[in-house]
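Heads up, the thing below is written out as structure tokens.
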Amino acid sequence: MYSLNKRSCLLDSFAHIIRVRPEWLAMIIGHDGPEGFHSQECINVALGMGFAVTTVERKPVAQNPEDGSMRLVEFNHQTAEGRFGWALCHTEGVLMGRMPFTNKPHAVAWQDPWIHDPGCGQKYQLLDENNLVTDTNFIPMIYLRIDKL
């Protein structure tokens with residue numbers, strides 16, 4: 001079995017959702033994560049296993065090519081926050097974001113309505129789906145929805 005140098009919340013979260021062992025996922029990726037893993041490495045394995053992965057950003061922005069200004073994208077009069085929360089309904093995938101006090105990146109597995117957090121080894125729910133607040137103060141920014149084809 002492949003040995004991981006250290007635990008990776010991203011690798012563990014992907015493995016949880018696609019129902020494989022993290023060591024197996026690392027072996028297929030081809031390294032044990034000495035400098036971490038990139039989401040695209042996990043996505044590549046998921047695609048090869050017959051999963052579809054859709055990226056949903058919590059606060060998508062568009063840049064004006066004329067003056068370089070940025071604007072928050074809205075969708076059919078739905079706020080970006082509302083759209084992000086809607087994307088989580090009845091789905092599963094990986095939430096990527098940051099921890100507020102340390103600003104360190106973090107990832108968790110999402111299986112509506114549960115978060116499986118490899119960082120603390122706990123399972124918990126969002127406290128407020130509209131504001132996407134968790135009791136660990138994890139701030140999700142990107143959702144990788146994972147569907148078996």
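All of the numbers you see were taken from the coordinates with simple rules; none came from a lab. Not measured: the values here are computed from a predicted model. Glycine gets a Cβ as well: all are built from the backbone with ideal geometry, and neighbour counts include every protein chain shown.
A few notes on this one:
- Integer Hz, Karplus 6.51/-1.76/1.60 couplings in order for segment 89-97, x for Gly and Pro: 4, 6, 10, 9, x, 10, 9, 10, x
- Farthest towards the positive end of the charge dipole of the chain, among the residues ALA107, GLY97, GLN122, is the Cα of GLN122, using unit charges on the Cβ of Lys, Arg, Asp and Glu.
- Folded to 0 to 90 degrees: helix 39-48 orientation relative to the chain principal axis, Cα: 70
- Modelled this way, with points 7 Å down the Cα-to-C-beta line, the labels at GLU57 and PHE101 are 3.0 nm from one another.
- Most to least packed among 67-76, 13-22 [average Cβ atoms within 10 Å]: 13-22, 67-76
- Size of the chain: Rg and Dmax of its alpha carbons, in Å, are 16.1, 53.
- Distant-in-sequence amide contacts of THR91, defined by a placed amide H-H separation under 5 Å and a gap of 5 or more residues or a different chain, comprise ASP112.
- For segment 16-22, Karplus couplings with θ = phi - 60° (6.51, -1.76, 1.60), whole Hz, Gly/Pro x: 4, 6, 8, 6, 9, 7, x
- Rounded FRET efficiency, nearest 0.05, which uses the C-beta distance separating TYR124 from TRP24 and R0 of 22 Å: 0.25
- Helix-only [θ]222 nm of the chain, DSSP H runs n ≥ 4, -39500 (n - 2.57) each, per residue, nearest 500: -7000 deg cm²/dmol
- Dipole magnitude of the chain about its Cα centre (Cβ charges: Lys, Arg +1; Asp, Glu -1), debye to nearest 20: 260
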